[in-house]
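For reference, the structure is listed below as structure tokens.
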Amino acid sequence: MKWRIIDTFDDFLLYWEKAHNKNCEERFKLWQEIYMAKYPELLRKQIESYKELDSFWLEKAKKEIFSKLEEFLPLMKIARRNLFILWESIYYEVLRKLNVDFPIVFVIYVGIGSGAGWATIYKSNLACLLGLEKIAELKWHSKDKLKTLLLHEIGHLVHMKYRKEYKKFEKYEKDPLFLLYSEGFAKRFVSFISGKEKEDKNWVLWCRKHKKELIREYLNRINYKKKVNDFFGDWLNVKGKSFTGYFLGREFIRWLEEKEGKDIRKIAILPFNKVQRLVKDWLFSQLE
């Protein structure tokens, strides 16, 4: 079995013994000095993820996360336990469906809200970072929701593996056209492996009803070189709804399956320039 887990939770609990009776600012300081000092690459990734936004978001993260760690702790423990229960069965499910087997490192940690799951490179390996604090905040600690989360992030890693562009991939995702394709691929991957994806029906209905509005706003952001983070983050929203970019991305992949065929590998390795052109073609076609 080529997947392995780096579990930092015991180190978090050692930190928490010293930090639980402190204020948010002191908790954050000790989080860096006691806990994350043991995982400098993990710390750097999280801080840089907020630098790409602005200083306001780091301050919001400190307030939103560190003020609620005690509240989150029971759910974090449940999530951690369920992750250990799930990961081996998911490994064999992916292997059986795709017949691909490559090393993945799963890092279980408590961070500053950068994401419940994060497909990236960690210690030169393809990795999935699993933020227990974010999982708890979103109440994604159940087995069903964690399975969806894991498959989504594994979908990104499979995508990266097929493309053989580990370092370029995250840079490509800074392009809003490629990002829509990437997130759509990962979202579609969930249903490809599990056969279905459990979603909030009201959210799906809302996205379908407002699809053209969402697309116009996405194109507007691209035209004016504005950030599209609002379409993908849970602290952010477009027209009052979060995660709408994932809906658009999946719709694009479904369209791509009709156009290019349902070969998952063929869809995964489309050249960057072709992805940009196809996403634009799809966005404009949906407004006709």
Quick check: convex hull of the Cα atoms in region 30-112, volume per residue, rounded to a whole Å³? 134 Å³
May I ask you to give the average projected area over all directions of the convex hull of the Cα atoms of region 18-76, in nm² rounded to one decimal? 4.2 nm²
Can you give the local net charge around residue 127? Use residues other than it whose beta-carbon is closer than 11 angstrom to its beta-carbon, Lys and Arg +1, Asp and Glu -1. +1
Quickly work out the residue 202-to-residue 223 label distance, labels modelled 7 Å from Cα along the C-beta direction, and quote it in nm with one decimal. 3.3 nm
Computed about the Cα centre, the charge dipole of the chain from +1 Lys/Arg and -1 Asp/Glu charges at the Cβ has a magnitude in debye, to the nearest 20, of 760 debye
For a Förster distance of 22 Å, can you work out the FRET efficiency between the beta-carbons of residue 29 and residue 77, rounded to the nearest 0.05? 0.35
Relative contact order in percent for the chain (Cα pairs under 8 Å, 6+ apart) equals 15 percent
Run the simple label-point estimate for residue 9 and residue 241 please: 7 Å along Cα→C-beta, distance reported in nm. 3.4 nm
Where a label projected 7 Å from the Cα of residue 272 along Cα→Cβ would reach, residues of region 133-160 with amide N under 19 Å: 156-160
On the accessible surface of region 145-224, probed at 1.4 Å, how many percent belong to carbon and sulfur atoms? 50 percent
Which of the lysines could a cross-linker span from residue 147 if the Cα-Cα distance has to be under 19 Å and same-chain partners fewer than 8 positions apart are dropped? 2, 77, 97, 134, 139, 187, 196, 198, 201
DSSP beta bridges in the chain, what fraction antiparallel, as a percent rounded to 5? 40 percent
Given the DSSP H assignment, sum -39500 (n - 2.57) over each helix run of at least 4 residues in the chain and divide by its residue total; what's the result at 222 nm in deg cm²/dmol, nearest 500? -20500 deg cm²/dmol
Just check region 168-238 against the gyration tensor rule for me: Cα atoms, a ≥ b ≥ c as the square roots of the eigenvalues, rounded for a/c under 1.5, and otherwise prolate or oblate depending on whether a/b exceeds b/c. oblate
Heavy-atom accessible surface of region 249-288: percent carbon and sulfur, 1.4 Å: 46 percent
Taking Cα centroids, how far is region 234-288 from region 57-81 in Å? 32 Å
Read-out Cα extents along the principal axes in Å, candidates (i) 75, 45, 33; (ii) 81, 52, 36; (iii) 58, 43, 35; calculated match is (iii)
With N set to the number of residues, divide the alpha-carbon radius of gyration of region 129-259 by 2.2 N^0.38 Å and report two decimals. 1.04
What FRET efficiency do you get for residue 286 and residue 92 if R0 is 45 Å and r is their Cβ-Cβ distance, rounded to the nearest 0.05? 0.75
Can you find, among 180, 169, 218, the residue farthest towards the positive end of the dipole of region 169-234? Put +1 on the C-beta of Lys and Arg, -1 on that of Asp and Glu. 218
Accessible area of region 117-220 divided out per residue, in Å², using a probe of 1.4 angstrom: 43 Å²
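The values are calculated or read from the model by the stated rules, or taken from the named source; none is laboratory data. Owing to the predicted nature of the structure, the values given are computational and were not obtained by experimental measurement. Backbone-built Cβ (ideal geometry, glycine too); neighbour counts: all protein chains shown. Protein only, heavy atoms only, side chains kept; ligands, DNA and RNA dropped before computing areas. Shrake-Rupley method; radii C 1.70, N 1.55, O 1.52, S 1.80 Å.
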